[in-house]
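Contents: one structure, followed by commentary.
Laboratory data are not the source of any read-out in this text; all were calculated from the coordinates shown. Since this is a predicted model, take the numbers as computed values, not measurements. As a convention, Cβ positions derive from the backbone with ideal geometry for all residues, glycine included, and neighbour counts pool all protein chains shown.
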Amino acid sequence: MLRRNVKSIVSLITIALMGSATAGFSEPNQQGNAANYLSVDLVNTTQGPLWPPAAFMDENGDFVLVGATLSQVDGQVQLGFGQAAIVSKNTVPPLDENGVENFSNPFGAPYTILRQLDLSENSKDRDIKLYTNSYGPAKGDFGGGPRIPMQGESRYNLNGFSNPDGTNCPDIFPSMSQEDTFTRASFALEKAPIVGFMGDDVAYDVNTGEPYVPVAKNGSECAPFGCEGEDKLHNRPDKSVTLGDWLAADVTMEVKLINYDRSRSSYTAAKFKVKAENLLPNAIYTVVATRSSFLQPSPMPRLPHAASLTSHMITDEKGRGTARFSIENPFPARETDDAGTRIVAMALGLKSDYALLGGCTLRFGAGVDIHAVASTAAAGVFDFTNFVTVPKSEG
């Protein structure tokens, strides 16, 4: 059996078939009582989008997947939920007629599964050490988004997650000089790079990468760590993170519709509360929202993004945290949602770079600087609530 706070395969299938996340509430009414409230457990995962296959690698550079798999069955690619497997970094992604990566149909190719994982309580697979995905460059002669795994580590790019211009957040990264050159290796999760901080009290030259040892005011060289090393008040957890550690996360979300408009008999906004236990201690997490347009073919799909400018969580020394925020008109009616702005999924992700980037969820890519912990979509529920909201009236 899985540990108690990791949802079992049976539970995943039940949620997917029955939509239990939306059960137990009625249509909103003028009183705004229990009919405007929903509580849901987010399902443990190591997967954000389908490509790349997972938000972590193992020590060999293959993907550590707990979530959904793409498998070849009777000549057809099928999506299966509640899976756990090691997916090869040499998986062949969807290709166009010229053999170039093409993720316009994310279901166009199956994963190459090296082996299934055993997530039972005493399994050795729970001891797998987690590594960030390798990355880069941001642009090149490959399809999809910025390259994951990084060039030279696999034949194909397995990252289909980006804006149409091939980047995730072009106003933050990359600069023109970085587009075709920047790469980042895979790191043990606890050693993921943090901008401005290496954790070793050493200042480094940004151009050479060599330790920076300036000359002291008296003309002599400074101590081995330099005169202007990092602030020693900073620290970070340095314990290795295993798959078992990751799957211990227990995440719940409460949604309450607010701001009832009597003239239209509808709510115009919602409050969200995401509460978690058994996360990494003293770490930063972000609640991410997926809009309905992301699930539909579009010239410019709306990528998953930080749910709010304040939808962030800082955990305490025991790995506990809470995020509270509000969103205007999060659930337009499906039949009139022409702009595709209805929120259909919510997820919690670790920011391994400890960076909050305003409206950008990440600089690099899924599994490089953000890592999915739990999601409403991990069990196949692609619209987790039947709530309907309307825009706030003008004037």
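Residue by residue, segment 311-326 carries 3J(HN,Hα) couplings of 8, 10, 9, 10, 7, 8, 5, 9, x, 9, x, 9, 10, 10, 6, 10 Hz when phi is fed to the Karplus relation 6.51 cos²θ - 1.76 cosθ + 1.60 (θ = phi - 60°); x denotes Gly or Pro.
Exposure proxy shown here: for PHE387, PHE294, the number of other Cβ atoms within 10 Å sets the order, fewest to most, as PHE294, PHE387. Each label point was placed 7 Å from the Cα along the Cα-to-Cβ direction; for LYS273 and ILE258 their separation is 1.1 nm. In this simple spin-label model, placing a label point 7 Å from the Cα along the Cα-to-Cβ direction at both ASP171 and ASN98 gives a separation of 3.2 nm. Using only side-chain charges placed at the Cβ, +1 for Lys and Arg and -1 for Asp and Glu, the dipole size of segment 116-183 relative to its Cα centre rounds to 120 debye. In plain terms, the chain from ILE314 to ASP180 could stretch by 44.8 nm, reckoned as 0.36 nm per residue minus the Cα-Cα distance. Segment ASP238..LYS124, full-extension length gain: 38.9 nm, with 0.36 nm per residue of separation and the alpha-carbon distance subtracted. Listed by Cβ neighbour count within 10 Å, with the fewest neighbours leading, VAL368, VAL390, VAL73, VAL64 appear as VAL73, VAL390, VAL64, VAL368. What trypsin sites (Lys or Arg not before Pro) in segment 316-395 are in a loop by DSSP, with at most 14 other Cβ atoms within 10 Å of the Cβ? Sparse-neighbourhood loop trypsin sites (Lys or Arg not before Pro): LYS318, LYS392.
Note on MET346, MET313: ascending count of other Cβ atoms within 10 Å places them as MET313, MET346, the fewest first. DSSP loop (so not H, G, I, E, B), at most 12 other Cβ within 10 Å: list which GluC sites (Glu not before Pro) in segment 99-198 pass both filters. Sparse-neighbourhood loop GluC sites (Glu not before Pro): GLU121. Label sites at GLU335 and PHE197, each approximated as a point 7 angstrom past Cα along Cα to Cβ, lie 5.1 nm apart. Only the Cβ atoms of Lys and Arg (+1) and of Asp and Glu (-1) were treated as charged; on that basis the dipole of segment 296-374 about its Cα centre amounts to roughly 140 debye.
Taking trypsin sites (Lys or Arg not before Pro) across segment 95-176, the ones in a DSSP loop with at most 14 further Cβ atoms lying within 10 angstrom of their Cβ are ARG155.
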